[in-house]
Protein chains: 2
Amino acid sequence: MYEGVVQDLIDELGRLPGVGPKSAQRIAFHLLAADAADVKRLADVLTEVKSRVRFCRICGNVAQEELCRVCRDPRRDPSVICVVEESKDVVAIEKTREFRGRYHVLGGAISPMEGIGPDDLRMRELLSRLSDGQVTETIIATDPNLEGEATATYLARLLKPMGLKVTRLASGLPVGGDLEYADEVTLGRAFAGRRSLDG
Amino acid sequence: MYEGVVQDLIDELGRLPGVGPKSAQRIAFHLLAADAADVKRLADVLTEVKSRVRFCRICGNVAQEELCRVCRDPRRDPSVICVVEESKDVVAIEKTREFRGRYHVLGGAISPMEGIGPDDLRMRELLSRLSDGQVTETIIATDPNLEGEATATYLARLLKPMGLKVTRLASGLPVGGDLEYADEVTLGRAFAGRRSLDG
């Protein structure tokens, strides 16, 4: 145990995800030795982030204004909505520059293990967005894991009666990887989703 | 890239030791979703730690007053000084409750690779503490690695002319471990330091 505020700092850092007691201690001593200005910058940005960041009224993405950067952009195609679990998925997809539509951030995935059901996600907001007739395709880009697949299946059933195109991102071998290191489920998906190369 | 302050937070978190870009992002989103009060507590403790924490005038340990908790305690034996690299080593040794003397925190170890020489450590302060004639034994408890051993050797040579007892913590097999998993250097040390069991 350290004296007073040093232990407080280690305790607070240890509450962050992925930061164990040893890392918390290491980070605390790094901060103790760091320039006061650097530590102040971190403290300030923490305070600022809670007061300034909110979630986009339309899509649920992180935003600094009422609408997020994508929803504010008039050049984005409003007829295609890509449904993702988290804001970080938006960032990952934006990096590809492949998608010019809009997003819908669910805020997680269905997980009976963690007690997260459809009502805990932004499903209703998605349905109301889809009901205005402007959207023609919904791309489900939830994670390719158990929870993400369950969420995709649930969504596909929910959206089917609305008569719009519902697609799911392809599963398969990661580009640049070695076939022999692919797990069997991924390899199975790669077979099931194989494409013709002739003509 | 995220909008403004979210990216700032990820950047600041990513500067902490052991926090890569992915962890920084995960921590940032954890904080975005956390209670404002929790985040404020972290921000406050960061500000406080820089204004309140200093280093003990005598031993160099972290302290909230002019002297650290150990140096303030009149029951601690002033005739034995245990020399460690960092304040976290003090905490580790205090947990054992085996040591009732005082400490001296060097602030690191000699490392030509990182450009850290004896003058960058609190060696001079140690010599002046030892020159008052009250200290009879110096226990060198630097880390059992290359830098720690180099520092121990340097210190032993430096202190030899002063005619006081200089000891080094024992190296050997960790208690509770399996002999077969011990590395060869540790096993070699365990042989070299073997003790007689009879009588």
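The values are calculated or read from the model by the stated rules, or taken from the named source; none is laboratory data. The model shown is predicted, which means the values in this text are computed figures rather than measured ones. No Cβ is skipped: glycine too gets one built from the backbone with ideal geometry, and neighbour counts run over all protein chains shown. SASA here: full protein model, heavy atoms, side chains in, ligands and nucleic acids out. Shrake-Rupley method; radii C 1.70, N 1.55, O 1.52, S 1.80 Å.
Rounded to the nearest percent, how much of the accessible area of chain A (1.4 Å probe, protein heavy atoms only) is carbon and sulfur?
53 percent
GNM on chain A, C-alpha springs below 10 Å: top fluctuator among A:LEU126, A:LEU106, A:LEU31?
Result for chain A, Cα springs under 10 Å: A:LEU31 fluctuates most.
Testing the spin-label approximation: label points 7 Å from Cα along Cα→Cβ at A:ALA33 and A:ALA190. State their distance in nm.
Label at A:ALA33, label at A:ALA190, 4.5 nm between them.
What is the angle, in °, between the Cα long axis of helix A:146-159 and the longest principal axis of the Cα atoms in chain A? Nearest 10 is fine, range 0 to 90.
50 degrees
Between A and B, buried accessible area summed over both sides at probe 1.4 Å, in Å² to the nearest 100?
Counting protein atoms only, the buried area is about 4600 Å².
When a/c is below 1.5 the answer is rounded, else prolate if a/b is larger than b/c, else oblate, so apply that to region A:111-189 with a ≥ b ≥ c taken from the square roots of the Cα gyration tensor eigenvalues.
Oblate.
Using Cα centres only, tell me the gap between region A:44-73 and region B:104-173 in whole Å.
Cα centroid of region A:44-73 versus Cα centroid of region B:104-173: 53 Å apart.
So what is the calculated 222 nm ellipticity per residue for chain B, using -39500 (n - 2.57) for each DSSP H run with n of 4 or more, over all residues, to the nearest 500 deg cm²/dmol?
Counting only the DSSP helices, I get -13000 deg cm²/dmol.
Give A:LYS40/B:LYS95; A:LYS50/A:LYS88; B:LYS95/B:LYS165; A:LYS22/B:LYS22 a once-over and call out the pairs whose C-alpha atoms are over 23 Å from each other.
A:LYS40/B:LYS95; B:LYS95/B:LYS165
Determine the equivalent ellipsoid of the protein assembly as shown by diagonalising the alpha-carbon gyration tensor, then write out the semi-axes as square roots of 5 times the eigenvalues, largest first, rounded to whole Å.
57, 27, 17
Relative to the other copies, what are the label-point distances for A:GLU65, with labels 7 Å from Cα along the C-beta vector, expressed in nm at one decimal and sorted shortest first?
Those label-point separations list as 5.5 nm.
Which distances, in nm and shortest first, link the B:ARG100 label point to the same label point in every other copy, taking 7 Å along Cα→Cβ?
8.0
Any chance you could list the semi-axes, whole Å, largest first, of the equivalent ellipsoid that the Cα gyration tensor gives for region B:5-52, using √(5λ)?
Three semi-axes, in Å: 19, 15, 8.
Please calculate how many Å² of accessible area chain B carries per residue, with a 1.4 Å probe and no DNA, RNA or ligand atoms counted.
Counting only protein heavy atoms, the per-residue value for chain B is 59 Å².
Counting only other chains, what is the mean number of Cβ atoms within 10 angstrom of the Cβ of each residue in peptide A:6-15?
Per residue, the number of nearby Cβ atoms from other chains is 5 on average.
Would you grab the residues whose amide H sits under 5 Å from the one on A:ARG168? Only those 5+ places off in sequence or on another chain, please, with H modelled 1.01 Å from N.
A:ILE140
Take B:GLU65, project a point 7 Å from its Cα along the Cβ direction, then tell me which residues of region B:74-111 have their backbone nitrogen under 12 Å from it.
Residues B:74 fall inside that zone.
For region B:67-168, what is the per residue volume of the convex hull drawn over the alpha-carbon atoms, in cubic angstrom?
99 Å³
Between helix A:87-96 and chain A, what is the angle of the helix's C-alpha long axis to the longest principal axis, kept within 0 to 90° and rounded to the nearest 10?
60 degrees
Among A:ALA43, A:ALA109, A:ALA63, determine the one that fluctuates most according to a GNM of chain A built with springs between C-alpha atoms less than 10 Å apart.
Comparing A:ALA43, A:ALA109, A:ALA63 in a Gaussian network model of chain A, the most mobile one is A:ALA43.
Kirkwood Rh and Cα-based Rg: tell me the resulting Rg over Rh for chain A, rounded to two decimals.
Reported Rg/Rh (Cα atoms, Kirkwood Rh): 1.07.
Mind giving me the nanometre distance, one decimal, between the label points for B:ASP143 and B:ALA156, set 7 Å out from Cα along Cα→Cβ?
So the label points at B:ASP143 and B:ALA156 sit 2.0 nm apart.
So which trypsin sites (Lys or Arg not before Pro) in region A:18-123 are both in a DSSP loop and have at most 12 other Cβ atoms within 10 Å of their Cβ?
A:ARG75, A:ARG97, A:ARG100
Can you list the distances in nanometres, one decimal and ascending, from the A:GLY163 label point to the identical position in each other copy, with the point 7 Å along Cα to Cβ?
When each copy's label point is compared with this one, the spacings are 10.4 nm.
In the Gaussian network model of chain A, springs joining C-alpha atoms below 10 Å, which of A:ARG15, A:ARG129, A:ARG157 carries the largest mean-square fluctuation?
Highest fluctuation of the listed residues: A:ARG15.
So which aspartates and glutamates can A:LYS160 reach, going by Cα to Cα under 17 Å and dropping same-chain residues fewer than 8 places off?
Qualifying aspartates and glutamates at Cα under 17 Å: A:GLU125, A:ASP132, A:GLU137, A:GLU149.
For chain A, what is the charge dipole size about the Cα centre, in debye to the nearest 20, if Lys and Arg each add +1 at the Cβ and Asp and Glu each add -1 at the Cβ?
Its charge dipole is roughly 840 debye.
Helix B:21-33: angle to the longest alpha-carbon principal axis of chain B, degrees 0 to 90, nearest 10?
Helix B:21-33 sits at roughly 60 degrees to that axis.
For peptide B:77-89, compute the average count of partner chain beta-carbon atoms within 10 Å of each residue's beta-carbon.
Whole-number average of other-chain Cβ neighbours for B:77-89 is 1.
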